[in-house]
Amino acid sequence: MENNRIINCNTLLTHESFILLEGHPVYYGIGTGGISIRFKTKKILNSPLLLQRLKDNFFLKMRINFEKLPIEIGLIEDCKEDELSFSRSLKPKDISELYCIHLSIEIKSKEIKRFYQYGLLDRPFNDLPYLGFVNTIDEVYRPGVYTEEKSKLFGTPVDPQKNVRSIFGERERVDMPKEYKVHLNDVDKFIATKVSYNTDAIGSENEEKHTLPTGKEERIVLDMRNFDEEVYKYFLDHKILQFEWEEEAMNQKFNQYVEEQEKERLRPFYE
């Protein structure tokens, strides 16, 4: 696969935790003790079976103020939102795995574990796709130091961005650290490091404190020079990486895959 067929990176999440719920990965914040799921309001009103499934699976309607209320059709009818969020508490028996995925990239045989995407900043570039690196969160180098090794990897740093932040209600000008503009075509590999955690404390009062790594790790490598669609689908399943392709047929194929996976994840609620 030639990398220039990819014209942008629409989704890029570098650190997320997941549970496996009925065989499907679901975002999970360690310490929250539960998950949420969203449905179109019209879908719920037109499907008594869906409403019953939510009740059977101990989901509760969640208001904007996060006050949990039992699911009642009258409450849903009065709601003005197009989509509704429902919450569910969890126990260890409910899930088969708990893990975090840390995303890193490899450029010229150097693995970079901390980075961000320019698209996440209010600093658009006309020559996308680009990834950016900030010295202060790059543990490979000392903050604020421009080295010859950096220049070989990333080229010349971009001028620091001026930014405005608020401190105690007052606004001040601050300089962002130096940044390196790196083209997506220069990325050799995307590496997902899957770190497993114990599930014994799920749903407990001290969940965050007692949920610890088990020591089991796995690396899933997406080689951009030898692209494997099945490996890419792993990243899509976890919604941590999604490309925009030059060929519309490729966009349609992978978008359809994502839609099918989402339907499969929600299948228990519709059957």
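The values are calculated or read from the model by the stated rules, or taken from the named source; none is laboratory data. Predicted model, so just to flag it, every value in this text is computed and none were measured. Cβ: placed from backbone, ideal geometry, glycine included. Neighbour counts: every protein chain shown. Remember, those area values only see protein heavy atoms, side chains included, never the ligands or the DNA or RNA. Shrake-Rupley method; radii C 1.70, N 1.55, O 1.52, S 1.80 Å.
Numbers below:
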read-out	value
Cross-link pairs beyond the 24 Å C-alpha cut-off, checked among Lys181/Lys216; Lys43/Lys91; Lys42/Lys93; Lys152/Lys181; Lys55/Lys209	Lys181/Lys216; Lys43/Lys91; Lys42/Lys93; Lys55/Lys209
Approximate spin-label separation Tyr27-Lys209, in nm, with each point projected 7 Å along Cα-to-Cβ	2.8 nm
Computed P(r) (all Cα pairs; segment 193-271; 5 Å bins; percent)	3, 12, 15, 15, 14, 16, 12, 8, 4, 1
Exposure rank, largest accessible area first [Cys100, Cys79; 1.4 Å]	Cys79, Cys100
Environment charge at Asp94 (Cβ cut-off 14 Å; Lys +1, Arg +1, Asp -1, Glu -1)	-2
